[in-house]
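All remarks here apply to the structure that follows.
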Protein chains: 2
Amino acid sequence: MKVENLSDLFLHTLKDIYFAEKEITKALPKMIKAADAKELARALESHLEETKGQVERLEEVFKLLGKKPQGEKCPAIEGILEEGEELMKEIKDPDTRDAAMIAAAQAVEHYEITRYGTLVSWAELLELPDAAKLLSATLKEEHNADSKLTKLAESKLNKQAA
Amino acid sequence: MKVENLSDLFLHTLKDIYFAEKEITKALPKMIKAADAKELARALESHLEETKGQVERLEEVFKLLGKKPQGEKCPAIEGILEEGEELMKEIKDPDTRDAAMIAAAQAVEHYEITRYGTLVSWAELLELPDAAKLLSATLKEEHNADSKLTKLAESKLNKQAA
């Protein structure tokens, strides 16, 4: 798509994160299966449910713009997920693999945090308060998911891996 | 490299971010050249200088581990930078391009924040306090760089682009 102004850029970024969220819903079940610690599997499962809700919110934002939900290939999330998957396959020790998976999941969270942060700010500028509200709700969830992973890593998994 | 324990994972992630920082030092001059707003060019210039210092800090951490500084291909940063460069080339309107570049630079910052956050926590677990100190200093700089970009975007550039 041609990007000529902030509205176009907003729509482009929306498609980028829509693609990313869909990729994440495919990657998470593999991570849940590979997780050794039950707490990690549970945290990833609950984030998978949350991600499905985030996809729906994005679909609502597309609707508010009068557009059909559509993804646009996002090399960033592909790279982030690729790195995580490589390590997941390569590491045999379960505790070390869990530590690597938490780091990978946090890299995903941070990608989402930066994109949703930008989208909220652009939605406000473009005077799309309903879109801003939906995107803010997701941004909050991503921050919480990242904090939960930090706590999990610091309290248990990293200690096992050390 | 084979990753069998947390020490290996720490070294692997160190090589990943070393590669990423080197790629960032190559990408930033192109962004500085493409920036329309002087404030954005200045912010990116100052971050380029900071990044060079971060590369040196990483070299010190390698030294502390008795290892030669070495990068390892990082598909995540490649994807993040690729997305930013595509938009930079494609967008003709200078204000919209500046807004896209700030978003791209923030995606880079967030990648660094997540990796350094993980590395600091692992350095502490591995009882490498000097490494943790060096990595924390960079983490702090990345957080500041991200905040500066948010302020820049909100105070000026997004308004021009809207």
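The values are calculated or read from the model by the stated rules, or taken from the named source; none is laboratory data. Keep in mind the model is a prediction, meaning the values are calculated, not measured. Backbone-built Cβ (ideal geometry, glycine too); neighbour counts: all protein chains shown. The accessibility values were calculated without ligands, DNA or RNA, using every heavy atom of the protein model including side chains. Shrake-Rupley method; radii C 1.70, N 1.55, O 1.52, S 1.80 Å.
In region A:2-26, the residues whose accessible area drops by at least 50 square angstrom when the other protein chains are added to the isolated chain are A:V3, A:L6, A:L9; the probe is 1.4 Å and only protein heavy atoms count. Each other copy places its own label point for B:K68 at 5.5 nm from this one, sorted shortest first, where the point lies 7 Å along the Cα-to-beta carbon line. Between copies, A:K52 shows label-point distances of 5.2 nm, shortest first, with the point placed 7 angstrom from Cα along Cα to C-beta. Legend: residue pairs B:K63/B:K148; B:K89/B:K140; B:K22/B:K133; A:K67/B:K38; A:K148/B:K68, Cα-Cα distance threshold 24 Å; pairs beyond threshold, B:K63/B:K148; B:K89/B:K140; A:K67/B:K38; A:K148/B:K68.
In whole angstrom, note down how far apart the Cα centers of region B:69-127 and region A:86-162 are. Spelled out, the Cα-based centre of one part sits 15 Å from the other. In straight-distance terms, cross-link reach from B:K92 covers every one of the aspartates and glutamates whose alpha-carbon lies under 14 Å from its own, apart from those fewer than eight places away in the same chain; here that gives A:E4, A:D8, B:D36. Here each label is just a point 7 Å from Cα along the line to Cβ, and for A:D36 and B:S155 those points are 4.9 nm apart.
Between rounded, prolate and oblate, where does the protein assembly as shown land on the alpha carbon gyration tensor, with a ≥ b ≥ c its root eigenvalues, rounded for a/c under 1.5, else prolate if a/b exceeds b/c?
Details: a/c = 2.07, a/b = 1.28, b/c = 1.62.
Oblate shape, in that a/c is at least 1.5 and b/c is the bigger or equal ratio.
For region A:96-162, a Kirkwood radius taken over Cα pairs fed into Stokes-Einstein (37 °C, viscosity 0.692 mPa s) yields D = 253 µm²/s.
If you roll a 1.4 Å probe over region A:6-161 with all protein chains in place, what percent of the accessible area is carbon or sulfur? Walk me through the intermediate numbers first.
Numbers: 3460 of 6740 Å².
Accessible surface attributable to carbon and sulfur in region A:6-161 totals 51 percent.
With no solvent and one point per C-alpha, what does the Debye sum give as log10 I(q)/I(0) for region A:76-120 at q = 0.15, 0.28, 0.34 Å⁻¹? Each listed q corresponds, in turn, to -0.41, -0.93, -1.14. Under the combined filter of DSSP loop state and at most 15 neighbouring Cβ atoms within 10 Å, region B:26-128 retains these trypsin sites (Lys or Arg not before Pro): B:K67, B:K73, B:K92.
If one takes the accessible area of chain A alone plus chain B alone and subtracts that of the pair, with a 1.4 Å probe, what total in Å², rounded to the nearest 100, results? Each step should come with its number before you reach the end.
Numbers: alone 8800 and 8800 Å², together 14420 Å².
Result for this pair: about 3200 Å² buried.
Closest approach to the axis carrying A onto B, counted by Cβ on chain A and given in whole Å with its residue, is A:G79, 1.
With the other protein chains left in place, how much accessible area per residue, in square angstrom, belongs to region A:6-161 at a 1.4 angstrom probe?
Ligands and nucleic acids excluded, the figure is 43 Å² per residue.
Residues of region B:138-162 that bury at least 10 Å² of accessible area once all protein chains are present, compared with their chain alone (1.4 Å probe, heavy atoms only, ligands and nucleic acids left out), are B:E154, B:N158, B:K159, B:A161, B:A162.
Relative to the longest principal axis of the Cα atoms of chain A, helix A:94-125 runs at roughly 10 degrees.
Adding -39500 (n - 2.57) for every DSSP H run of four residues or longer, then dividing by how many residues chain A holds, sets the calculated 222 nm ellipticity at -28500 deg cm²/dmol. Between copies, the label points of A:E127, set 7 Å from Cα on the Cα→Cβ line, lie 6.3 nm apart, reported in increasing order to one decimal in nanometres. Per the Debye formula on identical point scatterers at the alpha carbon atoms of region B:45-106, with no solvent, log10 I(q)/I(0) at q = 0.18 Å⁻¹ is -0.81.
Computed from Cα positions, the angle between helix B:129-152 and the longest principal axis of chain B comes to roughly 10 degrees. Other protein chain C-beta atoms within 10 Å of residue C-beta, averaged over A:87-98: 3.
Please express the shape of chain A as an equivalent ellipsoid: the semi-axes are the square roots of 5 times the eigenvalues of the C-alpha gyration tensor, given largest first in whole angstrom.
Values: eigenvalues 197, 47, 30 Å².
After scaling each eigenvalue by five and taking roots: 31, 15, 12 Å.
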